[in-house]
Structures are given as structure tokens and as C-alpha cells.
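Asks: Quick one: structure below, then a few questions.
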Amino acid sequence: MIGLESNDQIDSEYNEKSTKLMNGINENNQIETLKKQTRVISIENDSNLRKEWNNSKEKSGNKMNTTNTSNINCTNQSMLNTKTTSTTASSLSSISSFPQLHNHWCIPSRYQVRHLIGTGSYGHVCEAYDTMENRLVAIKKIHRVFEDLVDCKRILREIALLNRLNHDNIVKVLDICVPDNLLTFDEIYLVLEIADSDFKKLFRTPVYLTELHVKTLLYNLLVGLKYIHSAGIYHRDLKPANCLVNQDCGVKICDFGLARTVRSQENLISKYNCVDNKGNSNGNDNYRPAGRYLKRQLTGHVVTRWYRAPELILLQENYTEAIDMWSVGCIFAELLNMLKENVAYYSDRSPLFPGSSCFPLSPDNKHQGEDYRFKIRGNRDQLNMIFNILGSPKEEDIDILEKEDAKRYIRIFHKRSGIDMHARFPGASNLAIDLLKKMLVFNPIKRITVEEALCHSFFKNIRNEKLEVISNEKVTLPFDDWNVMTEKELRYYFLKEIQLYSPNLIIPGSLIIENNIIP
């Protein structure tokens, strides 16, 4: 949610910056480096890779990459260079008008704005220098905060979650600027960590990694996810764009706009804590008829399609943190694509399950077998893509599905045996393939957990258990995350979050009295 939709200029320049970030991987003494500092692999310059990148730009005529990359988190933006000689009219307009935009930004003088680095449906992001802390930061202006109360609550939820998570592998909110008018404000300014790149951009660059780098990146991702799960949170939207990466191969998980907390141990199902497929318990926040991001809130629309676990595709009412592990498996496969032995040409890299449709089941509709066959006839259906790679699920795994129409739907697909993962990733080690297969298991009960993954032999030579810290307690939000909230309630709780950074802020008594809140 704390993110942006990119434009063509940003996409092209960000690719170039990401390439510079990862250029020239030198394996000399990497094992020794890992032994001394497990979380860091240094990345040095390599003239051959730099030459390869320059050649690729010459061949393309320095044309802009027009690939759509939505939901780029604002903390990525430090690698976006807006000084380009080739832009679209819209992006040029947004950049050139930034001085006027910045005149209306209500931020403390400690932040010296450098330039606009992104714009999207929620507002603008700029790179700034924090003169008090002597560091670069990303400042995100979220405008029209209360225009849509469902989106507003989602923003509040993400800010509240990030304020209660403290881990090196999770992006941090550094400050929230105090509004001028506490009763009528409709803008929020978030100051966040800046990262060098993200996995999505990294996958598009003409550079290659070794399995050691893949191992380190994946390990750091899992360490962060272990902390998240230990805090009783499901991320629910893990994908490459939400995995930030720095020059030391450190990984930071971002974008908690769809994340949910586990309400209580009483919601345990099987060996996992669970919530329903809408992310709700007793109540829900699906009360409005329309909105900017309603589809993301509806059943089955958590997690981007290519990284969506089968149980979400099949609209199971109860799911577990295993959905995040499926997403990690999909990301792992794309990391393996960075090995030249697996994908010779960087332009041929692609997600493991790039489905173009995701036929949703509905318990309110009476589907006939022929209707199913018609819907899934195209081999780009998401489940078709999964079964082509992994093979058809066993009957015992189909039987665990809660809904009969889901079971019937699965049985419509023709039987297949899947592919040999070693053939798909010939440059990957046996241990890498073994871990990948354990992550991508149809049955969520049989899917490997984050703790089990960290114990896997694949990480034997880099694992540092001291880094695998867990949360001291389950995160409890200060507001009822399971029922609707009024604008005044939302405004009050936003100010409570801002108070964490500005303790002297006094919340207007009218907000407290009208909400019947005891401070």
C-alpha cells in the first residue's frame, strides 16, 4: 500500500540503476566473507558485465522500457534517476512540475528534498536528505487519505504494523510528519528507508548471479519472514517487487498493505494459525460498494496471481501462513533464473507460473462441468500453469479442500506428471531443487514452514542462527482491525501512530470525546 505505480521513465532508469547495483559479481573469497559476516556478500565492479550492459543499451538504441511495473514501493526509489534524455510526455510533466508540487509539501525543514522519484495513485515520492540524521530517505506524500475509508484503513493498518515490527529484513518507517491541522488533515507524509533496488528490477537486468548469491538473498528473505510469522502476521502479498535489496545483498520486505494479524490462538486450524480467505474474522471492512482497490480486498485477490497459492486460487475459507511460503517458492525459482546455466539470456527470464487468468470459483454459482472445461481450456489458466510444472495433485490432497465445487473443479483438469525441476534449472544444486520442491507443494499442510526452510541443508554454509530472531510477542493493533471504522476513528488512530515519532503532539479532545476513547 505504501507504494507507487511506475511510469516508463522510472522503469528504464531503475533498470539501469539496478544493473549498476548488481554489476560485477566477484566470487573470490566469498565463502570466507560469509563466514565472517553471514548476511553480507560484497559486490565488486566487473568490466565485462559493465561492457555487456553498455552493449545492450547500444543495441536497443537507449529506448525506454515500456513494461508496466505497478506497485513499486516508495522505499525502492533511491535507485530511480529522473534525469533522463528520453521520457514520455506524462512523466516529463510530472518531473518538471515537482518544484510547484513541493511548494505545497508540509514537511519539516530538516528534510532537504533532492528530486521527485515517483508518482502514483496515492501521491508522490521524493528523495530527500535528512540533515539531522545525515542520511538519505524517501518521503511519501499520501494525498486524499480519507477519500475512501477502506483504503484509508489499509494505509493505517500498514503503518501500524510497520511501527510494531523491528527487524533488519523489514523496511522501517523513520518518521511521520505532524499535520498542520490535526482535525482536518487529509495528507500524510511518511519518511521511510531507501533501498537500492528490488527483486523485480534485479530480474530484468543483464547480469547473472551465482548460487551463493541466490542462497544469501533467499536466506535473508526467509529470516525476515520468520520474524513476521512469529509476530502473528501473514504478509499475503509477497512478490519480487516487495523484496527490496541493497548492495550488500541485504533484503528488506515491504508493502504490508494486505497483511493481517492472527487474532488469537483459538483460530488455529491444523498446525497453523488461520484467517478466512477475505482476511476477516467476525467482521470485515468490505462494506462499501465501490472503491479504488476493492478487487484486492475480495476473496482470492490477496497475493498477485503469479505468486498466489493454490488454496487462495480455490477460494478456501481458511488459509495459513503457508500462503507466504508458496510465494517465497515462486520468488526462489526466479532467483534461480539469475544463474546463467539456467537461463542463458536475461531477456528470457520469467516467473515460474505466469498465468494470464485465474478462474474464481463461487459458492453462489452452480457451475457445470462443461462450464469449467470452457473456462480452463486455455493453457494460461493459473492452475493449469501450476499443474504443468508440478503435476496434478493427489486425491488425498484434493480431499482436504473444504468446498465440493473446488474438488470438482480440480478433477476437471487432465492428469499430468509435471516436469523434472533439474531439467528446468540445470545449474541449480540438488539441495536447491529439493528446497524449491518443498516450498511448492499443493497441500499447504505438507508445505515446508519458514522454520523448516531455514534448517534446510541448502543454507548449511551460510546459516547464522543468531540472525534468526523472533518477535517477543504477537503484534496487537491498537484498533479493531476486524470491523468498520468511521473517519473520526481513523483520524484519531493516525494521530496515535504519529505520536510515536512526536511525543509532544496533543490529540484534540474532540476526537477523543466523540469516539468515546479512553486515552
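Asks: Quick one: order Glu404, Glu452 by neighbouring beta-carbon count within 10 Å, fewest to most.
Replies: Glu404, Glu452
Asks: Here is a follow-up. Name the residues whose placed amide hydrogens come within less than 5 Å of the amide hydrogen of Asn318, ignoring near sequence neighbours (fewer than 5 apart) on the same chain.
Replies: Amide H neighbours of Asn318, under 5 Å, 5+ apart: Asn277.
Asks: Can you list the residues, at least 5 places off or on another chain, whose amide H is less than 5 Å from the amide H of Asp175, using H built in the peptide plane?
Replies: Placed amide hydrogens put Val191 under 5 Å from Asp175.
Asks: Can you order the peptides 413-419, 201-207 by their average number of other Cβ atoms within 10 Å per residue, highest first?
Replies: By packing density, highest mean first, the sequence is 201-207, 413-419.
Asks: Quick query: amide H of Gly120 versus all other amide H atoms, modeled in the peptide plane; which residues come in under 5 Å with a sequence gap of 5 or more or a different chain?
Replies: Long-range HN contacts for Gly120: Glu5.
Asks: Tabulate in residue order the Karplus-calculated ³J(HN,Hα) for segment 238-245, using 6.51 cos²θ - 1.76 cosθ + 1.60 with θ = phi - 60°, rounded to whole Hz; enter x for Gly and Pro.
Replies: 6, 7, x, 5, 9, 10, 6, 9
Asks: Using the Cα centre as the reference, give the magnitude of the dipole from point charges on the C-beta atoms of segment 403-446 (Lys, Arg: +1; Asp, Glu: -1; all else neutral), rounded to the nearest 20 debye.
Replies: Computed charge dipole of segment 403-446: roughly 220 debye.
Asks: Once Rh is set to the Kirkwood radius over Cα pairs, what Stokes-Einstein translational diffusion coefficient, in µm²/s, holds for segment 151-219 at a temperature of 10 °C and a viscosity of 1.306 mPa s?
Replies: 104 µm²/s
Asks: Just to confirm my numbers, what's the Cα centroid distance between segment 455-503 and segment 211-227 in Å?
Replies: Here the two parts' Cα centres lie 20 Å apart.
Asks: Rank these for me by crowding, Ser457, Ser357, going from fewest to most other beta carbons within 10 Å.
Replies: Ser457, Ser357
Asks: Between Ile506 and Asp168, what is the FRET efficiency for a Förster distance of 30 Å, r being their Cβ-Cβ separation, to the nearest 0.05?
Replies: 0.35
Only the coordinates and a few stated rules stand behind these numbers; no lab work does. No experiment lies behind these values; they were computed from the predicted model shown. Using ideal geometry, Cβ is built from the backbone for each residue, glycine included, and neighbour counts are taken over all protein chains shown.
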